[in-house]
Amino acid sequence: MVLTVLNVAYPFAPVGPNSVGGAEQVVHQLDKALVDSGHRSILIACEGSEPAGIHISVPRASGDLHQAEVEAAQHRHRHAVALALARWPVDVVHLHGIDFHAYLPRDGPPVLVTLHLPIDWYPAEALSPHRPNVWFNCVSRSQHAASAPDPHMLAPIENGVADYFFGASAAKRNFALMLARICPEKGVHLAIDAAKRAAMPLIICGEVFPYATHRQYFETTVKPALDQLRRFIGPVGLARKRRLLAMARCVLIPSLAPETSSLVAREALACGTPVIASARGALAETIEHGRTGFLVRDEVEMAKAMMDASALDGEVCRCSARQRYSLGRTNKSYLSVYETLSRMAISGAA
């Protein structure tokens with residue numbers, strides 16, 4: 001069964017192998033998997049994306065994301081979705097943005113919405129759309145358990161790790177690493193404080209998106225706390241990301257919000273690097289405390305865990321990730337859902 005699938009990314013972040021966000025990496029891998037499997041993949045994503053299939057490009061916001069710019073971007077996405085549905089015989093629309101409800105087509109083929117963020121971050125009305133054939137899926141068991149019972153909520157599909165992370169290897173160096181969007185809920189300031197307590201160098205990689213709260217957080221909280229040993233180097237591409245993950249003594253994830261998946265944690269384990277993280281959301285599922293990393297309650301416990309991380313076996317981390325987080329299994333699950341929803345629509349059951 002050859003399918004035509006329209007994936008619609010969040011309007012403000014490019015999709016490709018060098019994507020910063022986990023959701024964008026998932027979209028990139030799905031786009032590639034569809035093409036590799038002989039299906040037609042159509043991707044709506046902003047400028048700077050690197051699609052495997054057909055790309056409908058939308059402008060990328062360059063200034064602060066005030067309400068007017070957000071609404072303009074959502075309008076462009078609605079137009080792009082309508083254009084794609086008018087031009088191609090789309091079997092399934094797959095939406096990924098937190099604002100998906102702003103460009104959800106009113107009718108047409110079945111829609112799958114992957115909820116990449118905590119359930120309570122979505123407006124209640126978005127999760128109960130006035131459209132019969134809209135389906136949802138979570139990306140971890142803990143996120144799924146936090147959602148209200150809903151017959152249109154499918155089984156969770158966990159994010160998998162690309163094979164090239166398992167091949168990354170390098171001599172360990174004495175620094176901790178943090179890879180994340182630079183925003184308050186990621187707890188970057190806590191990682192800096194823990195690194196200072198542990199007297200360990202810290203490299204922080206990530207992007208400051210043009211939201212006023214994100215920029216203010218970086219300028220007033222993160223930047224003043226940096227020093228010669230605790231450095232912010234901005235976003236990094238795939239090749240450098242793999243090297244840093246493989247070389248780091250440990251990866252820090254001091255999230256203040258419940259992580260729904262944390263692809264970074266899984267990629268770190270695949271590179272043979274233990275993860276020290278807040279015991280929130282799916283992080284508690286991902287990390288085997290004392291075996292592949294440590295789950296901590298605050299920056300004091302994080303600092304102690306950083307000093308203990310060198311005692312953990314990197315090969316145990318790598319084997320755990322290989323057994324549990326197969327990208328092939330993830331992509332196969334999504335392709336199966338696409339086919340099921342398409343068949344239901346043909347039979348009139350959706």
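Bear in mind these aren't lab numbers, they're just calculated from the coordinates by the rules spelled out. Just so it is clear, the structure is predicted and the values come from calculations on it, not from any experiment. Cβ placement follows ideal geometry from the backbone for every residue including glycine, while neighbour counts extend to all protein chains displayed.
Taking the Cα centre as origin and putting +1 on Lys and Arg beta-carbons and -1 on Asp and Glu beta-carbons, what dipole magnitude results for the chain, to the nearest 20 debye?
820
Near ARG106, within a Cβ-to-Cβ distance under 14 Å, what is the net charge of the other residues, with Lys and Arg +1 and Asp and Glu -1? Numbers along the way, then the final one.
Working: positive: ARG78, ARG131; negative: ASP107.
Computed value for this residue: +1.
If you take the Cα atoms of region 163-324, find Rg, then find the Kirkwood Rh from the mean of 1/r over all pairs, what is Rg/Rh?
0.93
Rounded to whole Å, give me the distance from the Cα center of region 60-116 to that of region 278-323.
37
Hey, what number do you get for the chain at 222 nm if only DSSP H runs of n ≥ 4 count, each worth -39500 (n - 2.57), divided across all residues, to the nearest 500? It would help to have the intermediate numbers written out before the result.
On the way: 12 runs with 126 residues, N = 350.
Using -39500 (n - 2.57) per qualifying helix, the result is -10500 deg cm²/dmol.
With the dipole of region 163-324 worked out from charges on the C-beta (+1 for Lys and Arg, -1 for Asp and Glu) around the Cα centre, which of CYS271, ALA239, GLN216 lies farthest toward the positive end?
Positive-most Cα among the choices belongs to ALA239.
How much length would be gained if the chain were fully extended between ASP107 and ALA148, taking 0.36 nm per residue of separation minus their Cα-Cα distance, in nm to one decimal?
Gain on stretching ASP107 to ALA148: 12.3 nm.
For VAL296, which sequence-distant residues (separation of 5 or more, or a different chain) have an amide H within less than 5 Å of its own amide H, given hydrogens modelled in the peptide plane?
Under 5 Å from the amide H of VAL296 lie the amide H atoms of ALA277, SER278, ALA279, each far enough along the sequence or on another chain.
Which entries of LYS186/LYS332; LYS32/LYS332; LYS32/LYS172; LYS241/LYS332; LYS186/LYS304 have Cα-Cα distances beyond 23 Å here?
LYS186/LYS332; LYS32/LYS172; LYS241/LYS332
In which sequence would TRP121, TRP135 go, from the one with the fewest C-beta neighbours within 10 Å to the one with the most? Mind dumping the intermediate values first?
Working: TRP121 13, TRP135 21.
Result, fewest neighbours first: TRP121, TRP135.
Which three semi-axes in whole Å describe the equivalent ellipsoid of the chain, each the square root of 5 times a Cα gyration tensor eigenvalue, listed largest first?
Semi-axis lengths for the chain are 35, 22, 18 Å.
What is the dipole size for region 280-350, taken about its Cα centre, with +1 at each Lys and Arg Cβ and -1 at each Asp and Glu Cβ, in debye to the nearest 20? Working shown, then result.
Numbers: 10 positive and 9 negative charges, 83 e Å.
My answer is approximately 400 debye.
Which residue, ALA170, GLN323, VAL15, has the largest displacement toward the positive end of the dipole of the chain when charges sit on each Cβ (Lys, Arg +1; Asp, Glu -1)?
ALA170
Mind running the shape call on region 189-262? Use the C-alpha gyration tensor, a ≥ b ≥ c as the square roots of the eigenvalues: rounded below 1.5 for a/c, prolate if a/b tops b/c, oblate otherwise.
Working: a/c = 1.37, a/b = 1.14, b/c = 1.20.
In terms of gyration-tensor shape, rounded.
Any chance you could give the angle, 0 to 90 degrees and rounded to 10, that helix 327-347 forms with the longest Cα principal axis of the chain?
In the chain, helix 327-347 runs at an angle near 20 degrees to the longest axis.
Hull surface divided by four, with the convex hull built on the Cα atoms of region 1-80: how many nm²?
Spelled out: convex hull of the Cα atoms, projected over all directions, averaged, 5.2 nm².
Rank by packing, highest mean first: peptides 314-322, 145-153, with packing defined as the count of other Cβ atoms within 10 Å averaged across residues.
314-322, 145-153
Ranked from highest to lowest mean number of other Cβ atoms within 10 Å per residue, what is the order of the peptides 37-48, 73-84?
Sorting 37-48, 73-84 by mean packing, highest first, produces 37-48, 73-84.
Work out from phi, with θ = phi - 60° and the Karplus expression 6.51 cos²θ - 1.76 cosθ + 1.60, the ³J(HN,Hα) of each residue of region 93-110, listed in order in whole Hz, and give x for Gly and Pro.
9, 10, 9, 10, x, 5, 9, 3, 5, 6, 9, 5, x, 5, 8, x, x, x
Compute the Cα gyration tensor for region 1-152, then decide on rounded, prolate or oblate, letting a ≥ b ≥ c be the square roots of its eigenvalues: rounded whenever a/c is under 1.5, prolate when a/b is larger than b/c in the other cases, and oblate in all that remain.
Since a/c stays below 1.5, the shape of region 1-152 is classed as rounded.
If one takes the longest principal axis of the Cα atoms in the chain, at what angle in degrees, from 0 to 90 and to the nearest 10, does the Cα axis of helix 314-324 lie?
Relative to the chain, helix 314-324 is tipped by roughly 20 degrees.
Quick check on the chain: of the DSSP beta bridges with both residues there, what percent are antiparallel, nearest 5%? Display every interim value, and only then the final one.
Numbers: 0 of 42 bridges.
In the chain, approximately 0 percent of DSSP beta bridges are antiparallel ones.
Considering the zone a paramagnetic label at MET307 would reach in this model (a point 7 Å from Cα along the Cα-to-Cβ line), which residues of region 184-200 have amide N under 15 Å from it?
194-200
Tell me the label-point distance for the pair SER326, ARG297, using the 7 Å Cα-to-Cβ offset, in nm and rounded to one decimal.
3.9
Given +1 on the Cβ of Lys and Arg, -1 on the Cβ of Asp and Glu, and no further charges, what dipole in debye does region 163-324 carry about its Cα centre, rounded to the nearest 20?
The calculated dipole for region 163-324 is roughly 420 debye.
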